[in-house]
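Working notes for the structure below.
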Amino acid sequence: MSEKFIPVCEPYLAGNEIKYVLDALETGWISSAGKYITQFEEAFANYCGVKHGIAVANGTVALHLALVALGVGKDDEIIIPNFTMIATAFAVCYTGAKPVFVDAEKETWNIDVNKIESKITKKTKAILPVHIYGHPCDMEEINRMALKYNLKVLEDSAEVHGAEYKGKKCGSLGNIAAFSFFANKIATTGEGGMVVTDDDELAEKCRYFKNLCFPVKGPRNYQHNEIGFNYRMSNLHAALGLAQVEKLDFYVERRINHNRLYRKYLQGVHGIIFPMEEVDTKSVYWMNGIVVDKESFGLNRNELMAKLKQDGIDTRLFFTGMHKQKALLQYGCKCKGNFSISEWLEENGMYLPSGSNLHQRQIELICSQIKKYSKAN
């Protein structure tokens, strides 16, 4: 990585990745069978503090598989945050169910738990919170409502490898959880995902449906009783994943330290707003997001991104709210309502470079450039 160009996020492969992948290649185990599948599933499930890990092709299908295992289908409603990556909503749509949107809270940017209950109907089957940008949601309140209304809880944990809520890892806080291992995630397999759960029955269903509904136990036959999916992960990808899990605490600490440095170097810069980290949570800062207040800072978000691009500093926009997605409107989602916090985040939010392999001097440079463009400078 060079100061001439600082990407928004690069994978950090600092362990046994080459060793394990070469071993998979040399032994010929390159498809969806092989020792690294099992080892990766067991290692990551153990890391999350649950019994079962089911490795899959990507994070989106992990969500879909978990929803299928929960029995979600046509005419069901699933409550999701309005401020999220669209994969969350699409996975619900794949089942025939309808995603129902809840606005974000201004402090953490996560789903506003105070607005969930008003969205629960007789059709609601589950709550699907997303731990946005590495910060855990208020899972105690979400689980309280789920218990009250007999709902299931599926954690979208794509962005929170290693994050904790009241001493427990994200991924262990609901009935089932889905992770992504895309190239920009804290732990990566390039493309990949995993479902994790403590529930034996849900784990069995995930293993069954992910592999075209072949029998999970006993000899394979070619009589299929249900429609399944080919969501398998390859042994090559799992070899990468195992190496990443072995160093996951190291990667997590680096992300957390990056955030400390960003806050330190941008302290006192008017118009730069970081999310609040709630008490009893451990955010892993998958992405270092900021909101830019034009009145205080002097430039709007787009103007600041353009300046940083000229400096060779890569940034990204925040998500666009689900209520503004044409695909979801055409699908039949209810897109009307007050989503003012989602819109505020969409219009003013941006990611700063956040990869685990960033150096302190690069963060200092990024912050010095941001300060240079402040009207107070």
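Every number in this text was worked out from the coordinates using simple rules, so none of it is lab data. Remember, it's a predicted structure, so these values are computed and weren't measured experimentally. Backbone-built Cβ (ideal geometry, glycine too); neighbour counts: all protein chains shown.
Once you have a ≥ b ≥ c as the square roots of the Cα gyration tensor eigenvalues for region 2-65, tell me rounded if a/c is under 1.5, and otherwise prolate or oblate according to whether a/b is larger than b/c. Oblate, since a/c reaches 1.5 and b/c is not below a/b. The trypsin sites (Lys or Arg not before Pro) of region 1-100 that DSSP puts in a loop, and whose beta carbon has at most 10 other beta carbons within 10 Å, are Lys4, Lys74. Label region 228-339 by shape, choosing from rounded, prolate and oblate, from the square roots a ≥ b ≥ c of the eigenvalues of the Cα gyration tensor; if a/c is under 1.5 it is rounded, and otherwise prolate applies when a/b is larger than b/c, oblate when it is not. In terms of gyration-tensor shape, oblate.
Out of Leu352, Ile370, Leu328, whose Cα points farthest toward the positive end of the dipole of the chain (charges: +1 Lys, Arg; -1 Asp, Glu; placed on Cβ)? Toward the positive end, the furthest listed residue is Leu328. The sum of -39500 (n - 2.57) across all DSSP H runs of n ≥ 4, divided by the residue count of the chain, sets its helix-only mean residue ellipticity at 222 nm to -11000 deg cm²/dmol. Other residues with beta-carbon under 9 Å from the beta-carbon of Leu70 carry, at +1 per Lys or Arg and -1 per Asp or Glu, a net charge of +3. Taking a ≥ b ≥ c as the square roots of the eigenvalues of the Cα gyration tensor, region 43-136 is oblate, since a/c reaches 1.5 or more and a/b is not larger than b/c.
Sorting 84-92, 297-305, 165-173 by their mean Cβ neighbour count within 10 Å, with the most densely packed peptide first, gives 84-92, 165-173, 297-305.
Highest average first, the peptides 261-270, 153-162, 201-210, 6-15 ordered by how many other beta carbon atoms sit within 10 Å of their residues are 153-162, 201-210, 6-15, 261-270. Pairs of Cα atoms nearer than 8 Å and 6+ residues apart set the relative contact order; for region 17-246 it is 29 percent.
Taking other residues whose beta carbon is less than 11 angstrom from the beta carbon of Val56, and scoring Lys, Arg as +1 and Asp, Glu as -1, yields +1.
Compared with the direct C-alpha span, the chain from Ala33 to Ile227 gains 67.7 nm at full extension, assuming 0.36 nm per residue.
Using Cβ point charges alone (K and R +1, D and E -1), the dipole size of the chain about the Cα centre works out to roughly 520 debye. Axis angle, to the nearest 10 degrees, between helix 301-310 and the longest C-alpha principal axis of the chain: 90 degrees. The stretch between Asp75 and Ser118 holds 13.6 nm of extra length on full extension. This uses 0.36 nm per residue minus the Cα-Cα distance.
The base-10 log of I(q)/I(0) for the chain, evaluated at q = 0.07, 0.10, 0.12, 0.14 Å⁻¹, reads -0.31, -0.64, -0.91, -1.20 [Debye formula, identical scatterers on Cα atoms, solvent excluded]. With K and R counted +1 and D and E -1, the other residues having a Cβ less than 13 Å from that of Lys166 yield a net charge of -3.
Taking Cα atoms only, the orientation of helix 59-69 departs from the longest principal axis of the chain by about 40 degrees.
Compared with the direct C-alpha span, the chain from Lys4 to Asp293 gains 101.3 nm at full extension, assuming 0.36 nm per residue.
Here is the result for region 12-80: no GluC sites (Glu not before Pro) lie in DSSP coil with at most 10 other C-beta atoms within 10 angstrom of their C-beta. Sorted on the mean count of surrounding Cβ atoms within 10 Å across their residues, most packed first, peptides 108-115, 185-192, 336-343 read 185-192, 108-115, 336-343.
Computed from Cα positions, the angle between helix 235-246 and the longest principal axis of the chain comes to roughly 50 degrees.
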